[in-house]
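Below: one structure, written as structure tokens.
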Amino acid sequence: MKVDRNGNLPARRSPAHSKPSVRLSLPGGPLPLDRTLLLGILNITPDSFSDGGRWVDVDRAVAHGLAMRAQGADVIDVGGESTRPGAEAVTEAEEKRRVLPVIKRLGGLVSIDTSKASVAEAALRAGAAIVNDVSAFGDRRMARVVARAGAAILLMHRKGTPRTMQRNPVYRDVVEEILVFLRRRVKRALSAGIPRDRIIVDPGIGFGKRPEHNLEILRRLREFRRLGFPICVGTSRKNFIGHVLGREVHERLYGTAATVAAAVLRGAHLVRVHDVAEMAEVARMCDRLK
Ligand code: HH2
């Protein structure tokens with residue numbers, strides 16, 4: 001190995017101290033990725049798997065969004081349609097009726113969790129800056145809508161649809177298959193005119209995956225850094241935690257904390273969580289341990 005003229009080995013740039021190579025910009029300016037960003041989940045749905053029915057009233061939803069922000073959420077992820085396995089589809093009109101008044105009143109940094117281009121378009125007009133599309137362009141108009149608005153897109157992997165995705169999902173290599181899928185969807189985003197620094201990727205924990213697939217994704221999360229985009233991970237209260245610990249949905253706080261810690265230590269840039277106050281502490285601690 002080469003030494004410098006004082007006989008010292010060259011300084012190694014540790015990943016923790018080098019500048020993050022991935023970037024994220026929103027219409028309001030760049031978002032720093034030197035610490036993990038938190039997406040606080042706000043489901044305005046009667047049937048979401050863990051908080052269904054809690055935030056269907058607009059006043060309560062807005063108050064909860066503001067409370068999550070005060071607890072450390074960087075982005076409030078507003079959704080009007082549950083994606084849980086077997087969930088019923090919701091019409092465009094109903095989804096808009098649920099999310100738009102809340103987005104308008106929340107202000108600040110908001111992402112819209114939708115797979116419908118028309119809902120995304122209306123939400124971006126109402127003030128959202130990120131489209132969280134769990135179908136990764138299942139609606140062919142979505143890429144153009146996001147590009148035209150100058151918004152960011154969060155592209156998530158999913159195998160099948162909410163109706164079918166948990167019916168015996170099979171992979172040869174779960175991580176490789178997701179990487180191939182995400183590369184293709186990123187390409188589609190770029191060719192629609194969405195800039196590189198407005199793209200986020202997500203392996204889609206729980207979407208067409210068995211518990212062992214979800215665990216493997218988290219163990220091998222570093223491999224997603226090869227894509228070169230910010231990585232978002234959503235493990236909060238999900239079924240694979242219940243599977244490991246034998247806990248019901250509302251007993252998964254510690255299990256969620258363990259998965260958030262694993263994700264942050266293995267390179268997640270954003271985590272999508274229900275329990276913002278607790279997970280903000282987990283993320284801050286793990287940021288310092290990197
Ligand atoms: N998970 C859910 C919904 N949206 N978006 C991203 N990017 N990543 C995720 O892992 C993800 C997501 C499912 O969780 P939740 O919103 O709590 O439940 P429901 O879909 O039943 O509303």
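Where a number appears in this text, it was derived from the coordinates with a stated rule and is not lab data. Remember, it's a predicted structure, so these values are computed and weren't measured experimentally. In this analysis, Cβ positions are derived from the backbone assuming ideal geometry, glycine residues included, and neighbour counts consider all displayed protein chains.
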>> Connecting C-alpha atoms closer than 10 Å in a GNM of the chain, tell me which of GLU216, GLU121, GLU81 has the biggest fluctuation.
In response: GLU216
> GNM, the chain, Cα, under 10 Å: largest mean-square fluctuation among ARG222, ARG98, ARG237?
Replying inline: ARG222
> HN-Hα J couplings of segment 91-98 from phi, Karplus 6.51/-1.76/1.60, θ = phi - 60°, integer Hz, Gly and Pro as x?
Replying inline: 6, 4, 4, 5, 5, 5, 4, 6
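Counting only DSSP beta bridges with both residues in the chain, what percent are antiparallel, rounded to the nearest 5?
Working: 2 of 29 bridges.
Here the antiparallel bridges make up roughly 5 percent for the chain.
Give, to the nearest whole percent, the P(r) tail of the chain beyond 23 angstrom, counting all Cα pairs.
Working: 22151 of 41905 pairs.
That fraction is 53 percent.
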> Using the per-residue mean of other Cβ atoms lying within 10 Å as a proxy for protection, in what order, highest first, do the peptides 107-120, 172-185 fall?
Replying inline: 107-120, 172-185
>> What's the ranking of 198-211, 84-97 by average number of surrounding C-beta atoms within 10 Å, highest first?
In response: 198-211, 84-97
>> Using a Gaussian network model on the chain with a 10 Å cutoff between Cα atoms, which of LEU218, LEU265, LEU245 fluctuates the most?
In response: LEU245
> Along segment 55-61, what does the Karplus equation 6.51 cos²θ - 1.76 cosθ + 1.60 (θ = phi - 60°) give for ³J(HN,Hα), rounded to whole Hz, x for Gly and Pro?
Replying inline: 10, 6, 7, 4, 4, 5, 5
> What are the ³J(HN,Hα) values, in whole Hz, obtained from phi via the Karplus relation 6.51 cos²θ - 1.76 cosθ + 1.60 with θ = phi - 60°, for each residue of segment 199-206 in sequence order, with x given for Gly and Pro?
Replying inline: 10, 10, 10, 8, x, x, 4, x
